[in-house]
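Enquirer: First, the structure itself, so that you have it in front of you.
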Amino acid sequence: MAAVLPLPVAPRSEAGPWRRAWRRLKRRRGALVGLAVVLLFIAMALLAPWLGLQDPVATSWSAIRKAPSAGHWFGTDEIGRDVLSRVVWGTRASLLAGLVSVSISLLLGVPIGLAAGFLGGFADALISRITDAFLACPFLILAIALAAFLGPSLSNAMIAIGVSATPIFVRLARAQVLNVKVEDYIEAARAVGNPPLRIALRHVLPNITPPVIVQATLAIASAVIAEASLSFLGLGQQPPAPSWGSMLNTAKNYVDSAPWMAIWPGVSIFLLVLSFNLLGDGLRDALDPRQR
């Protein structure tokens, strides 16, 4: 009787690109620390109403510029408001400004850069020249000008920051598209009759996503600094709503007598920006296809 041969076992499929990227990211301690701190700030912003903190806008004339104590861990400000509560609630303004403004930049910049790189010719030249004109103006100066034109508010500040950062994403997306559209699989997609729009959305766009994600993470850090700068100048979050930038603006008058008013919002800005930069650097390495 003939022996029955076992059926061949299909080889196990390799892990997907995002799973491989996550494994590479886990090997970078700096990126993990940055991710942990970012998640901590996000949790603070989301859970602020349930943390049992004092009212961030409640004043107390008997507790003006009190040093940190058991009743006020971070001290109080010039009209007796709890600094800890204002720092925690101010996290919402900074994170909201970072996420919303970068989302605006992505929604505007990536499609424009994709069109410029994919179409080429006159469209590419026109978009590139307009982008160069915007990039000739420093990012923060352009954001201040737009915020002053739109009017002082957090919403207008987010729009100003998002529009000001858009040229960066236009240039990045265009450069990545120029690299991708000459690959063999793009030529194969054209050869089998795929329309240009399908090629751009199904084959080009997914392959330029990793560097765009990295740039978006780094751009959030810049947006946090920009929002604090606009609030410091009175063009962002308006008092009495808490904002790290407006807190620093008030604290500059009391640095000698009440340094804690400036220390805590300044440390918060430093930690959040540093964490996003560490996370962005880790993502750059993890999403690089040349990494093994």
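Enquirer: Is it the case that Ile159 is surrounded by 13 or more Cβ atoms within 10 Å (Cβ to Cβ) and either in contact with a Gly (Cβ under 8 Å, 6 or more places away or on another chain) or under 30 Å from Leu235 (Cβ atoms) (or both)?
Expert: Spelling it out, Ile159 is indeed surrounded by 13 or more Cβ atoms within 10 Å (Cβ to Cβ) and either in contact with a Gly (Cβ under 8 Å, 6 or more places away or on another chain) or under 30 Å from Leu235 (Cβ atoms) (or both).
Enquirer: Here are Ala165, Ala226, Ala175: which of them is under 24 Å from Gly282 (Cα atoms), surrounded by fewer than 18 Cβ atoms within 10 Å (Cβ to Cβ) and of a type outside the set (Val, Ile, Thr)?
Expert: The unique qualifying residue is Ala175.
Enquirer: Also, quick follow-up: Given the residues Ile213, Ile199, Ile208, Ile186, which is the only one that is more than 30 Å from Gly282 (Cβ to Cβ), modelled with pLDDT under 95 and either of a type outside the set (A, V, I, L, M) or assigned to a helix (DSSP H, G or I) (or both)? So that I can check it myself, show each step before the final result.
Expert: Details: Ile213 fails: more than 30 Å from Gly282 (Cβ to Cβ); Ile208 fails: more than 30 Å from Gly282 (Cβ to Cβ); Ile186 fails: more than 30 Å from Gly282 (Cβ to Cβ).
Exactly one residue qualifies, and that residue is Ile199.
Enquirer: Here is a list: Pro56, Pro49. Which entry is under 29 Å from the mean Cα position of the chain (by Cα), at pLDDT 85 or above, more than 18 Å from Leu272 (Cα to Cα) and not in a loop (DSSP other than H, G, I, E, B)?
Expert: Answer to the selection: Pro49.
Enquirer: So if I check each of Ala251, Ala258, which one is out of contact with any helix residue (DSSP H, G or I) (no Cβ under 7 Å at 6 or more places or on another chain), hydrophobic (A, V, I, L, M, F, W, C) and buried (at least 19 other Cβ atoms within 10 Å of the Cβ)? If you could, list the steps in order and put the result at the bottom.
Expert: Working: Ala251 fails: out of contact with any helix residue (DSSP H, G or I) (no Cβ under 7 Å at 6 or more places or on another chain).
Result: Ala258 is the single residue among Ala251, Ala258 that is out of contact with any helix residue (DSSP H, G or I) (no Cβ under 7 Å at 6 or more places or on another chain), hydrophobic (A, V, I, L, M, F, W, C) and buried (at least 19 other Cβ atoms within 10 Å of the Cβ).
Enquirer: Would you say Gly90 is more than 30 Å from Gln54 (Cβ to Cβ) and surrounded by 14 or more Cβ atoms within 10 Å (Cβ to Cβ)? Outline the logic, then answer.
Expert: Details: more than 30 Å from Gln54 (Cβ to Cβ): no; surrounded by 14 or more Cβ atoms within 10 Å (Cβ to Cβ): yes.
For Gly90, the condition - more than 30 Å from Gln54 (Cβ to Cβ) and surrounded by 14 or more Cβ atoms within 10 Å (Cβ to Cβ) - is not met.
Enquirer: Also, I was wondering about something else. Any residue in segment 220-248 that's free of Cβ contacts under 8 Å to residues at least 40 places away in the same chain and closer than 13 Å to Ile161 by Cβ: show its pairings with residues that are of a type in the set (Ser, Thr, Tyr) and surrounded by 24 or more Cβ atoms within 10 Å (Cβ to Cβ) at Cβ separation under 6 Å, as long as the two are six or more apart or on different chains.
Expert: Pairs found: Gly245/Ser231.
Enquirer: How do the pairs read when you match residues in segment 190-218 that are at negative phi with residues anywhere that are exposed (fewer than 12 other Cβ atoms within 10 Å of the Cβ) and not in a helix (DSSP H, G or I), using Cβ under 9 Å and keeping only pairs 6 or more apart or on different chains?
Expert: Listed by first residue and then by second, the contacts come to Pro210/Pro289.
Enquirer: If you check Val100 against the conditions, is it of a type in the set (Val, Ile, Thr), in contact with a His (Cβ under 9 Å, 6 or more places away or on another chain) and either within 22 Å of Trp244 (Cα to Cα) or surrounded by 16 or more Cβ atoms within 10 Å (Cβ to Cβ) (or both)?
Expert: Numbers: of a type in the set (Val, Ile, Thr): yes; in contact with a His (Cβ under 9 Å, 6 or more places away or on another chain): no; either within 22 Å of Trp244 (Cα to Cα) or surrounded by 16 or more Cβ atoms within 10 Å (Cβ to Cβ) (or both): yes.
No: the conditions fail for Val100.
Enquirer: Among (1) among the aliphatic types (A, V, I, L, M); (2) at pLDDT below 90; (3) closer than 21 Å to Val267 by Cβ, where does Ala97 come up short?
Expert: Looking at each condition in turn, Ala97 falls short on (2).
Enquirer: Still on this model: Can you tell me which of (1) closer than 25 Å to Pro206 by Cα; (2) of a type outside the set (D, E, K, R); (3) without any contact (Cβ under 8 Å) to a residue 24 or more places away in the chain is the one Leu99 doesn't meet?
Expert: Of (1) closer than 25 Å to Pro206 by Cα; (2) of a type outside the set (D, E, K, R); (3) without any contact (Cβ under 8 Å) to a residue 24 or more places away in the chain, only one is false for Leu99: (3).
Residue by residue, here is whether (1) more than 30 Å from Arg29 (Cα to Cα); (2) touching a Gly at 6+ places or on another chain (Cβ under 8 Å); (3) hydrophobic (A, V, I, L, M, F, W, C); (4) modelled with pLDDT under 90 holds:
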position: Pro259; (1), (2), (3), (4): yes, no, no, no
position: Val267; (1), (2), (3), (4): no, no, yes, no
position: Leu279; (1), (2), (3), (4): no, yes, yes, no
position: Leu283; (1), (2), (3), (4): no, no, yes, yes
position: Pro289; (1), (2), (3), (4): no, no, no, yes
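Enquirer: Another question about this same structure. Does Ala97 qualify as being in a helix (DSSP H, G or I), in contact with an Asp or Glu (Cβ under 6 Å, 6 or more places away or on another chain) and within 21 Å of Leu274 (Cβ to Cβ)?
Expert: Judged against the criteria, Ala97 is a match.
Enquirer: Residue under question is Val180, and the condition is that it be under 21 Å from Val110 (Cα atoms) and either touching a residue at least 60 places away in the same chain (Cβ under 8 Å) or not polar (S, T, N, Q) (or both); does it hold?
Expert: Values: under 21 Å from Val110 (Cα atoms): yes; either touching a residue at least 60 places away in the same chain (Cβ under 8 Å) or not polar (S, T, N, Q) (or both): yes.
For Val180, the condition - under 21 Å from Val110 (Cα atoms) and either touching a residue at least 60 places away in the same chain (Cβ under 8 Å) or not polar (S, T, N, Q) (or both) - is met.
The values are calculated or read from the model by the stated rules, or taken from the named source; none is laboratory data. Small disclaimer: the values here were computed from a predicted structure and weren't measured. With ideal geometry, Cβ positions are generated from the backbone for all residues, glycine too; neighbour counts draw on all protein chains shown.
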